[in-house]
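For reference, the structure is listed below as C-alpha cells.
Nothing in this text is a laboratory measurement; each read-out follows from the coordinates by a stated rule. Computed from a prediction, not measured in an experiment: that's the story for all the values here. Neighbour counts are summed over all protein chains in view; Cβ atoms, including those assigned to glycine, are modelled from backbone coordinates with ideal geometry.
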Amino acid sequence: MPILDTLITIFLILAVVIIFARGVVIVQPFEQGLNIRLGRYIGRMNPGFRWVFPLITQVVKLDLRTQVMDVPSQEVITKDNSPTNVDAIVYIRVIDPEKSYFEVANYRIATIALAQTSLRGIIGDMELDEILYNRDVINTKLRDILDRETDQWGVKVERVEIKEVDPVGAVKQAMTEQTAAERARRAAILRADGDKRSAILKAEGTKRSMILEAEGERQSKVLRAEGERISRILQAQGEAQGLRILSVGSQPLDRRAITVLSLDALKQMANGQATKIIFPFEVSTLMKQAAKFIGATDEAPEEPAVKTVPEPGILGSIPTPDEVKDILKEMDETIKAELSAEELKDIGKGKKRSGVELVEEIEEVIDKA
C-alpha cells in the first residue's frame, strides 16, 4: 500500500500546484485587468504579477493602446446621385476599461458599425466634388460623431481618415471626360493668353521700331537740311565774293573795253554749233557804241539842196587800215588833251565810283569831243 499512498500524495501535490498556477495573473504595462469573482466585479488590476483565487475568479485584460480599425468599403449614393465606394480608417483608444467591457458587448464591432452608418449619412449629404475636395471636413464630422457616441462605451476616437473615394465606372468615365475638357479649356486659355501677350509684345516692338525709325529720319532730315543750309550759305558767300571781285576788277574798265569784250563774246557765241543764237542784249546798241569809238556819229550828213546826183569823187577816197589807225590815234590824243587833270584823276579812282557812273562820264567826255 505504500506505493498507492505515494501516488496519491504526488497527485495531490500536482493538483495543488496546477490550481495555484491557474491563479497566477500577469498584467502587461499597456493592459488593464478587470477582476471578476463569482460574477461580481471586484476591481481593476494594475500591470504586474497578480494572484487570484483560481476557478472562481475571471480576469479580463483590456489593451489601452491606440488601435487601428479598418472600416470596410461600401457603396454610397451622394447628393448628386453619384454612386461612390468609400472606406475609412478609425483610430480608437480605450480610456475606461469598465465601460468598454460592461457597457457594450464588443466595442470594436460597435465602433466599426457606427462608423459605416455615420459615413453613409455624411457622404449622402454632400456632392461628389465636395467629397473629393473636402476630405478634411468629412474626417472632422465623422470623428465628432463617433467620439460623441463612443464616449458612453469608454472609447476615445482619436482620428478618422477617409482612405479612398472610388466612383463607379460610369461616374468615373464622366469625371475623366470632364477633367479632359477642363484641361483642354485651361490649355486654350493659356494658349490664348500666350497669343495675346505675344501680340502685345510684337506691337510694342513694332511701335518702338517705328519711333526709333521716325527719330532717325527726323535727325537725318535735320542734318541734311543743316548741310544744305551751310552749303547754300557757302555758295552764296562764294558768289558774293566773286561778284565783289568782279565789281572791283570791272571798275577801271571804260566803255571801249566793255565794247571789245562784248564783241569777243559775240565771236565766241558764233563759233558754236548751235543753229539758233539768242543774244542777251541789243546788238544794234553795241554796234552804235563801237561806231562811236571809231569816230562815226549818229547825225546824218547834210545833203545839197540843188544837186540830186553827186559829183564824181565827192565822197572822197576810202581810207586804208593804217590811215584808220592814225585817225583813231589822233582822236585819242584829242580826247586826252581836252580832258582836264581833275577828270583824269577821277577816272583813275575807279574804286570810289561805280562802273555805271564812270562809263557815263566817259560817254559825256566823248560826246563833248
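Between Y91 and D136, take the C-beta separation as r, use R0 = 22 Å, and let me know the FRET efficiency to the nearest 0.05.
Working: r = 16 Å, r/R0 = 0.71.
FRET efficiency, Y91 to D136: 0.90.
What does the highest-first list of 37-47, 145-155, 235-245 look like by mean Cβ count within 10 Å?
Numbers: 37-47: 12.1, 145-155: 17.6, 235-245: 10.0.
The densest-packed peptide leads the list: 145-155, 37-47, 235-245.
With Cβ to Cβ distances under 13 Å as the rule, what net charge do the other residues near I189 carry (K, R +1; D, E -1)?
In short, +3.
Shape verdict for region 19-63, please, from the Cα gyration tensor: rounded (a/c under 1.5), prolate (a/b greater than b/c) or oblate. Each step should come with its number before you reach the end.
Numbers: a/c = 2.47, a/b = 1.26, b/c = 1.95.
Oblate is the answer for region 19-63, as a/c is 1.5 or above yet b/c matches or exceeds a/b.
Which order do peptides 123-130, 190-197 fall in by mean Cβ count within 10 Å, highest first? Mind showing how you got there, number by number?
On the way: 123-130: 15.9, 190-197: 10.0.
Most protected by this proxy first, the peptides run 123-130, 190-197.
At 0.36 nm per residue, and after removing the present C-alpha to C-alpha distance, how many nm does the segment from L7 to E127 gain when stretched out fully?
Values: separation 120, 0.36 × 120 = 43.20 nm, distance 7.86 nm.
Working it through step by step, the gained length comes to 35.3 nm.
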